[in-house]
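Engineer: Below are the structure tokens for one structure; questions will follow.
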Amino acid sequence: MPKPKQPEQTSSGISRRDFFKSSTVGAVSTALVSGVHGEGSSVEVLGPGEVGIKLNVNGKTRRLRVEPRVTLLDALRSELDVTGAKKVCDRSTCGACTVLLDGKPVYACSVLAVEAQDKQIVTVEGLGTPEKMHPVQKAFVENDAQQCGFCTPGFVVACAAFLEKHPNPDIEDLKKGLGGNLCRCGTYDGIKKAVKQVAAEGGINA
Amino acid sequence: MNSFEYASPRTIAGALEVLDNDSVILAGGTDLLSLMKEGLVAPKRVVNIKEIDELKGINVGEDGSVTIGALVTLEEVLESPDLAELCPSVVEAAAGVRSPQIQSVGTVAGDLCQRPRCWYYRNGFGLTAMKDGKSLARDGDNRYHAILGNDGAALFVNPSSLAPALIALDAKISIVGKSGSREVALADFFQTPSSDQEKEYKLEAGEILTAITIPSPAGKKVATYEIREKQALDWPLTAAAVAIEMNGDQVSAAKVVLGHVAPVPWVSAEAGAALAGKQVTAESAAAAGDAAVKSAKALSKNGFKIQLARVAVKRAVLRAAGMEV
């Protein structure tokens, strides 16, 4: 479950994200000023250089500058240091990057940061805290529903969204409704037990 | 991913203004962003059409026709009482996209316009998967490739989940471009490319697919049946959709469309003809399955798909008739 925030340190004292950030500075500084209108058009065309955007992440408005090509996942992790959502396949397949966008589960790797403006973004950090866990987080702990833990943040968010729609899921609902997340350790059994426990104990709002 | 300009118009007219020959349309994004990360698509401009309200909503016309806006999400398809009542085969097909994360943002038009999953295509060898004058697919790992329509250079399979069900119901699509609008039968939208210069569907640069219209499906018995390798997110190994019209207890007309077996959604006139004039029974359904794969030809590693396609057709027919599969 989410621990108090710790920076990802390497032995050199520089986190991987800091390294990636500093290595892209050259490209960023040469980017063109953005926000021109298309020729004779009333539609604003942004980029390809950085544009200023606002994201509402876990109830807080965050301002940042990103190129239009930056995904929501990269913006969360590399720009805002909200690192709960994980980058694994980066191809809309594994579910490790799952966040809620206006309450719906989405792959943050396949949403552009610039298109996530004006929407409520909730990551695993926004569901609960170590002191006050979300029912899904608590049930994951109690049912040993993680092993290496890398898929866990995405799975927790996906399970919370699933239970919102299926308060009393049967096994078929579970198989289909959690089909968008993969766990290579094979903790599916614990995850199914955790979801069933949340349902049995009154659901995600209990 | 290459860097690109970005626009998010609020009207179709606005979208047409900013779309040019070097632009791509962004809707759900689950396929497009993957393609861009692989460098398979590298546009100068990305036009996000998701803010265009004209492209949203499901409407049932006075004539009983059903119009599905291009931006209707798979989740909206799954939760539509109108579609559940009038064309449950389309809902069954959407349920086959087994990822809530894709269902919540993936759109109907995006399902139709997603690019093939062929691993040679996805790794940069083009739709015809050619390397040094040889077909990587014909001589390589073709276990998921085409068993029908595979005489030419293209051996990938059409990846759409919804197309078979929509084509079985004679759906048409509306397309707008700078020079006007047109309506085409969905079946004619798809094509088998003869070279990498052609695409697998006919949407020109600067055009937008705006809506899908199903003529009144009243009275038709419909179903989709998928055969899958795993229950979680994956494309089916093969699928069949049917729309059957009855005259008394006999089939007056049947349309059978297979998915994931050919470079296009495969309309099997043979399977339809096998059912015409018959009662739907286990025997006639099986005969339709046999007819559907009569001209199928296995590649080196996908012979198993012929049997799967045969069974998918049989079970789709039985399901449409409300019989046990």
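Engineer: Let me check I've understood the local charge: for B:L308, count other residues with C-beta under 12 angstrom from its C-beta, Lys and Arg +1, Asp and Glu -1. What total comes out? All intermediate terms of the calculation are to be shown ahead of the outcome.
Structural biologist: Values: positive: B:R143, B:R228, B:K305, B:R310, B:K314, B:R315; negative: B:E226, B:E229.
Residues close to B:L308 contribute a combined charge of +4.
Engineer: Quick check: Cα centre of the stretch B:194-228 to Cα centre of the stretch B:1-53, how many Å?
Structural biologist: A separation of 20 Å, based on Cα centres.
Engineer: At a probe radius of 1.4 Å, what is the per-residue accessible area of A:V124, in Å² to the nearest 10?
Structural biologist: 10 Å²
Engineer: To continue, here is another question. Over chain B, what is the relative contact order in percent, taking alpha-carbon pairs closer than 8 angstrom and at least six residues apart?
Structural biologist: On the way: 756 pairs, mean separation 55.4, N = 325.
Normalised by residue count, the contact order of chain B is 17 percent.
Engineer: Filter the cross-link list B:K199/B:K230; A:K104/A:K176; A:K175/B:K301 down to pairs whose alpha-carbon distance in this structure exceeds 18 Å.
Structural biologist: The pairs that break the limit, which is 18 Å between Cα atoms, are B:K199/B:K230; A:K175/B:K301.
Engineer: Let me ask something else. What's the local net charge at A:G59, with K and R +1, D and E -1, over the other residues with C-beta under 14 Å away?
Structural biologist: +2
Engineer: Also: Compute accessible area for the stretch A:161-200 by itself and then with all protein chains, 1.4 Å probe, and report residues whose area falls by 20 Å² or more.
Structural biologist: Hits at the 20 Å² cut-off: A:K165, A:K175, A:K176, A:G177, A:G179, A:G180, A:L182.
Engineer: Continuing with this model, one more query. Relative contact order of the stretch B:225-324: what whole-number percent is it, with Cα pairs under 8 angstrom and at least 6 residues apart?
Structural biologist: Computed over the stretch B:225-324, the figure is 27 percent.
Engineer: Kindly sort B:M130, B:M36 by accessible area of their heavy atoms, largest first, with the probe set to 1.4 Å.
Structural biologist: Putting B:M130, B:M36 in descending order of accessible area: B:M130, B:M36.
Engineer: Here is a follow-up. So, taking all protein chains as they sit and a 1.4 Å probe, how much accessible area belongs to B:W119, in Å² rounded to tens?
Structural biologist: Number for this one is 90 Å².
Engineer: Right, something else. Please state, as a whole number in µm²/s, the translational diffusion coefficient that the Stokes-Einstein equation yields for the stretch A:66-180 at 25 °C and 0.890 mPa s, with Rh defined as the Kirkwood radius across alpha carbon pairs.
Structural biologist: 170 µm²/s
Engineer: Turning to a different aspect of this structure: Based solely on its DSSP helices, what 222 nm [θ] is calculated for chain B when runs of n ≥ 4 H residues each add -39,500 (n - 2.57) and the sum is averaged over all residues, nearest 500 deg cm²/dmol?
Structural biologist: Taking each H run of at least 4 residues, the total per residue is -7000 deg cm²/dmol.
Engineer: Short version: which residues of the stretch A:112-157 lose at least 10 Å² of accessible area, all chains versus chain alone, 1.4 Å probe?
Structural biologist: So the qualifying set is A:L112, A:V114, A:E115, A:K119.
Engineer: Nearest 100 Å² is fine: how much accessible area is buried between B and A, summed over both sides, with a 1.4 Å probe?
Structural biologist: Roughly 2900 Å².
Engineer: Moving to a separate point now. Over all directions, what mean area does the Cα convex hull of the protein assembly as shown project, stated in square nanometres? Intermediate results must be reported in sequence, preceding the final value.
Structural biologist: On the way: hull surface 106.6 nm².
One quarter of the hull surface, i.e. the mean projection, equals 26.7 nm².
Engineer: Here's something else I'd like to know. Which lysines have a Cα lying under 20 Å from the Cα of B:K202, excluding residues fewer than 8 positions away in the same chain?
Structural biologist: The reachable lysines, counting only those whose Cα sits under 20 Å from B:K202, are B:K172, B:K178.
Engineer: Now for a different question. Can you pull the one-decimal nm distance between simple spin-label points at A:V88 and B:S179, each 7 Å off the Cα toward Cβ?
Structural biologist: 4.8 nm
Engineer: May I pose another question? Accessible area of the protein assembly as shown with a 1.4 Å probe: how many percent of it is carbon plus sulfur?
Structural biologist: 50 percent
Engineer: Among DSSP beta bridges lying fully in the stretch B:1-110, give the percent that are antiparallel, nearest 5.
Structural biologist: Percentage antiparallel, nearest 5: 35.
Engineer: Take the Cα of B:R117, step 7 Å along the line toward its Cβ, and report every residue of the stretch B:163-189 whose backbone nitrogen sits under 20 Å from that point.
Structural biologist: Once the point is set 7 Å along Cα→Cβ of B:R117, B:163-167 turn out to lie under 20 Å by backbone N, inside the stretch B:163-189.
Engineer: Return the equivalent ellipsoid semi-axes of the stretch B:55-214 as a descending list in whole Å, where each equals the square root of 5 times an eigenvalue of the C-alpha gyration tensor.
Structural biologist: Square roots of five times the eigenvalues give 30, 18, 13 Å.
Engineer: With a cap of 12 neighbouring Cβ atoms within 10 Å, and only residues DSSP puts in a loop, list the trypsin sites (Lys or Arg not before Pro) found in the stretch B:95-199.
Structural biologist: B:K178
Engineer: Please give the net charge around A:C151, taking every other residue with its beta carbon less than 11 angstrom from that of A:C151, where Lys and Arg add +1 and Asp and Glu add -1.
Structural biologist: Surrounding charge for A:C151 is +2.
Engineer: How large is the accessible surface per residue of the stretch B:149-205, computed with a 1.4 Å probe and reported in Å² as a whole number?
Structural biologist: Result: 41 Å² of accessible area for each residue.
Engineer: Restricting to chain B, compute how many DSSP beta bridges are antiparallel as a %, nearest 5.
Structural biologist: Bridges in chain B are about 85 percent antiparallel.
Engineer: Expressed as a rounded percentage, what relative contact order does the stretch B:55-214 have, with Cα pairs under 8 Å and six or more residues apart?
Structural biologist: Working: 252 pairs, mean separation 38.2, N = 160.
Averaging sequence separation for qualifying contacts and normalising by length gives 24 percent for the stretch B:55-214.
Engineer: If you don't mind, there's one more thing I want to ask. Loop only by DSSP, 14 or fewer other Cβ within 10 Å of the Cβ. Give me the GluC sites (Glu not before Pro) in the stretch A:50-157 that pass, ordered by residue number.
Structural biologist: Sites meeting the loop and neighbour criteria: A:E131.
Engineer: Also, quick follow-up: Once you have the Kirkwood Rh of chain B from its Cα pairs, apply Stokes-Einstein at 4 °C and 1.567 mPa s and quote D in µm²/s.
Structural biologist: It diffuses with D of about 65 µm²/s by this estimate.
Engineer: When the label point is put 7 Å from the Cα of B:D151 along its Cα-to-beta-carbon vector, which residues of the stretch B:288-317 have a backbone N closer than 13 Å?
Structural biologist: Output list for this probe position: B:295-297.
Engineer: If you don't mind, another one. Measure out, as a whole number of angstrom, how far apart the alpha-carbon centroids of the stretch B:115-192 and the stretch B:256-305 sit.
Structural biologist: Computed from Cα coordinates, the inter-centre distance equals 18 Å.
The values are calculated or read from the model by the stated rules, or taken from the named source; none is laboratory data. Given the structure is predicted, the values throughout are model-derived calculations rather than measurements. Counting neighbours? That spans all protein chains shown, and the Cβs are built from the backbone with ideal geometry, glycine included. Heavy atoms of the whole protein, side chains included, go into the accessibility calculation; ligands, DNA and RNA do not. Shrake-Rupley method; radii C 1.70, N 1.55, O 1.52, S 1.80 Å.
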